[in-house]
Each structure stands twice: as C-alpha cells, then as structure tokens.
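Colleague: Before I ask anything, let me first share the structure, which is written out below as structure tokens.
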Amino acid sequence: MIDDELARAMRRIDPAATPLDAPIPLDAERRLREIVGRDPAPRRRPARRRPLVALTSAAAAVVVILTIVTGVLWMPAPSASALTPTPLVYTAEPVDPGQAIEDARAALARDDDEVAAERRSLSLGWYFSASADGAEATVFRREWVDLRWNRDFSGSVVTIAAEATDADGDTVPAGDPPPGTVVGEVRYVQNQFRPLSPEPPAPTVDAMRALLRSSSGVEGELTAGDAITGARTVLGEWTLDDAQQSALLEVVAATPGVRSLGTTRDRIGREVVGIAGVPSSIANTDVTLLVSVETGRIVGFESALIGANTDLDLPPGSVTEYALWDVRDREDAPR
C-alpha cells in the first residue's frame, strides 16, 4: 500500500463528525482488500519500516490500518505458501455460465426457505496476514464475522474464533484463542455506520446493477470480476432474500468475462457451482462466487492469485481469502 492510497482511505473518515475513538468504517476494509491484490508499487518509506499487507476481518480493520501506518507490527512465521488453503477442485465438464446461473435462479424461484432480507451479515471466513518484506506470514484461525446494524445506522461487528478443520490452511498457530473466543468487537453509535444501501435493495436488475457498481467502485463497464467483488461487499452488509439474490445473479450473468468453473464442494461440504471473473481494478486476482446447487443462493466467495506473488512467496492459484454465508444452522455459529 503506498502513502497516497492510505491517505485517501483515511480521508474518508471526517474528523469533524467522527469521535477520536470511533472504529474505522467497513469501507476501509473494502479499500484494503482492493489494494492487496495490486502489483507491488515502490515504497517511499524507510527500508526498515515494513508495512503489513493483509486480508482481514472488519473487526480487525483498525489494527491493520494502524499497522500499515506505523509499520511496527511484525509476526514472523513459516512461508505464506505453506499456509494457504488448497484450492477447490471443480468438475472438468464444460459448463455454460449463463445456464449455470439460470439453473440457480430456477432453484431460487422454487425454494421455500423464506430467507428474509436483514441488516445482518454472518460469515465464516479464513484470512491471513503477510509481510511484503521477507515472505513471512501468520495465519489467523478461521473467524466468524457477525455484522448487525440498525435503521438508525448503529450496530456492531463481533469477530469470534472458529473451530479449525482438517482443511489445508486451517492449522492454528500455538497460543491462538480457543473456538468461541471473542477476538474483536466494534460498536457503532447512531449514524456512525454507513451502509452501501440503507434500505433493502430492490429485487430488480437495474437496482442490483447500480448497487454492484457502487460497491465495486467501478466507473466504466462492469466486468464479471467487478460484479463478483461487489456482491461480496453487499453480502458483507446484508442478508439478501431469494428474489434479491436472483436479480444479483442475473446482473453477473450479463457481464463480460463471466466463467463457470463447474461444481465442487465448498469448505463445509455443500455442493456448489463456481462463477468466476477477473476484477478490472485488482491486478493478479481471480474471484469466485460459490452458488448452492440445492438452493441457488450465493453461499461463498473466494479470491485467488492468477500468477505468483514472489514478494509473499505465494504460487499461482494461492487462495488469499474465502468467506462462507448461509451458515447460521451450524452448531458453532454465533446466535
């Protein structure tokens, strides 16, 4: 992250309207995620100050940004490439992305799960933190990130350590908190939280296209990768009902560059189809929506490197983030 980009991200917080001890808004997290995928830029900081490049939860965004500003947090660990999850393996059968999405929309139309739009996003995610100097990294345990907010723009983000599994990348460093431990909690007072869509998004293609354009920050043509990253942001703030998800998927289906990867099992065993694209504003990154074969709902998001990142010792295809939704029925989920 270069100095000018950090300054622009920090200027979004109006000091005249925000308390000194206020948490950094979620748009800072979105900005960090965009910057992480870019090709390394020359640093203008002294060589001894090593910035932290991170993909992290909303509740940890304050720590991450302070780390970037000060350059003093350093967590030596094994090579990053040894710590990232194994990529999902998809069926080799060619699948038309339009047909895959149409099948999902048909499943949404007949599903009777009665999921209602809600100002809440509960996700189970995997994140890692890495230094661009020395290819060293530390893995955070899988985390539950539970964002809840209200019509008056108050709310909270609670981050809870999740149980590790036998999936690659879930190895827990010694000394990490046990599952169920609250590892971060941020509270928003009235009018402090600033959502992309204050009211439930309309279940129409036009409304969803405008929302995805806003959430991805794209000014020109919306590519499949842009729409997918936008969907990840929207689902990080809202639980969408089936009609809203159907309209969102229809927008993705119409974008240039959309690909279907075939079917696989997500990281908690659900059968899904992968819908992928390359964002126009995030270099060297391929992003994927995981869509449930059973319900048609978007149940996951993954981000992976297209080419190697030698600074972080990550080979092509390395998974740099995954987040799973529709996980409330799990026994260990926050209530």
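The values are calculated or read from the model by the stated rules, or taken from the named source; none is laboratory data. Values in this document were obtained by computation on a predicted structure and should not be read as measured data. Glycine also receives a Cβ, built like all others from the backbone with ideal geometry; neighbour counts cover every protein chain displayed. Just the protein is used for accessible areas: all its heavy atoms, side chains included, with ligands, DNA and RNA removed. Shrake-Rupley method; radii C 1.70, N 1.55, O 1.52, S 1.80 Å.
Colleague: Filter the stretch 310-335 down to residues that are hydrophobic (A, V, I, L, M, F, W, C) and surrounded by 23 or more Cβ atoms within 10 Å (Cβ to Cβ), then give me how many there are. Break it down into steps so the answer makes sense when it comes.
Modeller: Pass one, the stretch 310-335, residues hydrophobic (A, V, I, L, M, F, W, C): 312, 314, 319, 323-325, 327, 333.
Checking which are surrounded by 23 or more Cβ atoms within 10 Å (Cβ to Cβ) leaves us with 312, 314, 323.
Qualifying residue count, the stretch 310-335: 3.
Colleague: PHE153 is checked against (1) modelled with pLDDT of 95 or more; (2) crowded, with 17+ Cβ neighbours inside 10 Å and fails just one. What number does that condition carry?
Modeller: With (1) modelled with pLDDT of 95 or more; (2) crowded, with 17+ Cβ neighbours inside 10 Å applied to PHE153, the lone miss is (2).
Colleague: Filter the strands (runs of 3 or more DSSP E) completely within the stretch 246-309 down to those with at least 3 residues that are on the phi < 0 side of the Ramachandran plot and either open to solvent by less than 20 Å² (accessible area, probe 1.4 Å) or aliphatic (A, V, I, L, M) (or both). Give the derivation first.
Modeller: Numbers: elements: 259-265, 271-277, 285-292, 298-305.
Filter on the stretch 246-309 gives 271-277, 285-292, 298-305.
Colleague: Any residue that is in contact with a helix residue (DSSP H, G or I) (Cβ under 8 Å, 6 or more places away or on another chain) and of a type outside the set (Val, Ile, Thr) - is there at least one of those in the stretch 260-270? Before the answer, list the steps.
Modeller: First, the residues of the stretch 260-270 that are in contact with a helix residue (DSSP H, G or I) (Cβ under 8 Å, 6 or more places away or on another chain): 260.
With the extra rule that they be of a type outside the set (Val, Ile, Thr), the set shrinks to 260.
Looking through the stretch 260-270, at least one residue is in contact with a helix residue (DSSP H, G or I) (Cβ under 8 Å, 6 or more places away or on another chain) and of a type outside the set (Val, Ile, Thr).
Colleague: Does the stretch 199-232 hold any residues that are among the polar types (S, T, N, Q), surrounded by 18 or more Cβ atoms within 10 Å (Cβ to Cβ) and over 17 Å from VAL291 (Cβ atoms), and which are they? Walk me through it before giving the result.
Modeller: Going residue by residue through the stretch 199-232, those that are among the polar types (S, T, N, Q) are 204, 214-216, 223, 229.
Those left that are additionally surrounded by 18 or more Cβ atoms within 10 Å (Cβ to Cβ): 215-216, 223, 229.
Result: SER215, SER216, THR223.
Colleague: Does LEU305 satisfy the condition of being aliphatic (A, V, I, L, M), at pLDDT 95 or above and under 25 Å from VAL145 (Cα atoms)?
Modeller: Details: aliphatic (A, V, I, L, M): yes; at pLDDT 95 or above: no; under 25 Å from VAL145 (Cα atoms): yes.
Against the criterion (aliphatic (A, V, I, L, M), at pLDDT 95 or above and under 25 Å from VAL145 (Cα atoms)), LEU305 does not qualify.
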